[in-house]
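The values are calculated or read from the model by the stated rules, or taken from the named source; none is laboratory data. None of these values were measured; they are calculated from a predicted model. All Cβ positions, even for glycine, are placed from backbone atoms using ideal geometry, and neighbour counts span all protein chains on display. What goes into the accessible areas is simple: the full protein's heavy atoms, side chains included, and nothing from ligands, DNA or RNA. Shrake-Rupley method; radii C 1.70, N 1.55, O 1.52, S 1.80 Å.
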Amino acid sequence: MAGGTVRGKKELRTIFWDETRGEVVMVDQTALPSRFRYVRYSDYVAVGDAIRRMVVRGAPAIGVAAAMGLALCAAKSKAATREELLRELEQAANHLSKTRPTAVNLFWALERVMKVARKTEGGVDAVRERVLQEAKAMAEEDVKVNKQMGRLGASLLADGDRVLTLCK
Amino acid sequence: MEEGKKIHVYASETRPRLQGARITVFELMYDNIPTTVITDNMAASLMSRGEIDKVIVGADRILAKTGHVINKIGTLSLAVNAKYFNIPFYVAAPTSTVDFNLTPDEVVIEHRSEDEVHYVGRTRITPIGARAVNPAFDITPPELISAIITEKGVVKPDELMKLLTG
């Protein structure tokens, strides 16, 4: 369902930020299970398309994807002033908010990043850096929150339980 | 599971996009959790035979005001069936999924392309010219939900607002 499954030695992340290339990387969920492949995105319009086409799915992961879309917008922006960058971010947030209407995490994530962007003092670089930080923090939180939910959920289950689930 | 309990998961395939069959099962197998796939229309039958102990689903939007849960299409059907057969029905979702503002009537349910119903992969499974509907989500009322599992605690649907706003 969400941004990552952590167990044992290997960690499976469905979405993360590639520091070296400054790109968003996602497991292409439309190709599973016949192919396990990562896809890379370097602009927010493509991220919006990925959300719409369900390359990334599951409400929390969609939220993280949207936040990283804004980080891409900021990273690639040629804005000369902070105000100009904020305008571009608003435009990107507006675009991303129209990809899928139902999962609330999408809007929650966009609003959270935009709030942080508006509050950040300093110039273009400061805002750019802060937006990226927030998007990455949200990806990390998602993994932590999943573990915590797993722990709390496990307390409801008894040994030997047969559990039915749907698209989790 | 991490606590050493052994569970067995039945994963409903989740038409039309088959995320359950394709992705949930992949993830569960990756985690070495014993898993069996069923088609979406088999759930009631398994429940009636006493083969399901609990149901756990996710959520795309939880309405704090009313306790309704909006999740992948098919959730409501599982919840109704679970209620009939007295099987606990849990929703697991992070608190970022909680909507503090809207009521069920105000929620926009995404309707996706008919083609997602007409085609499985590249194979058309309905006659050309057939019509289909494709709502991506449904709305499950609080009376069908035993508890909501969030990272901040496990609560009844009508206790969610209190949990999050103190």
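Taking a sphere under 15 Å around the Cβ of B:Thr103 and counting the other residues whose Cβ falls inside, with K and R at +1 and D and E at -1, yields a net charge of -2.
Most mobile of A:Gly153, A:Gly58, A:Gly122 per a Gaussian network model of chain A (Cα springs, under 10 Å)? The residue that fluctuates most here is A:Gly153. Label separation (A:Gln91 vs B:Ala130): 4.5 nm, computed from points 7 Å beyond Cα along the C-beta direction. Near B:Thr35, the amide H atoms lying under 5 Å from its own belong to B:Val9; only residues 5 or more places off or on other chains count, and H is placed 1.01 Å from N.
Please give the calculated 222 nm ellipticity per residue for the protein assembly as shown, where each DSSP H segment of at least 4 residues contributes -39500 (n - 2.57) and the sum is spread over every residue; nearest 500 deg cm²/dmol?
-11500 deg cm²/dmol
Secondary structure note: in chain B, about 50% of the DSSP beta bridges are antiparallel.
Rounded to the nearest Hz, the phi-derived 3J(HN,Hα) couplings of the range A:108-115 under the Karplus curve 6.51 cos²θ - 1.76 cosθ + 1.60 (θ = phi - 60°) are 4, 5, 4, 5, 4, 5, 5, 4, where x marks glycine and proline.
According to the Kirkwood expression over distinct Cα-Cα pairs, how big is the hydrodynamic radius of the protein assembly as shown, in Å?
20.5
Amide H to amide H distances under 5 Å link B:Ala147 with B:Phe89, B:Val91, where only residues 5 or more positions off or on other chains count and H is placed in the peptide plane.
For the peptide B:143-152, the mean number of other protein chain Cβ atoms found within 10 angstrom of a residue's Cβ is 3. Taking both sides together, the accessible area buried where B meets A is about 5100 Å² for a 1.4 Å probe. A 1.4 Å probe run over the range B:1-134, with the rest of the protein chains in place, finds 48 Å² accessible per residue. When both the range B:17-81 and the range B:125-157 are represented by their alpha-carbon centers, they are found 9 Å apart. Each Lys and Arg contributes +1 and each Asp and Glu -1, all at the Cβ; summed about the Cα centre of the protein assembly as shown, the dipole is approximately 520 debye.
Couplings 3J(HN,Hα) for the range B:25-30, derived from phi with the Karplus relation 6.51 cos²θ - 1.76 cosθ + 1.60 (θ = phi - 60°), are 5, 4, 5, 5, 5, 4 Hz, where x marks Gly and Pro.
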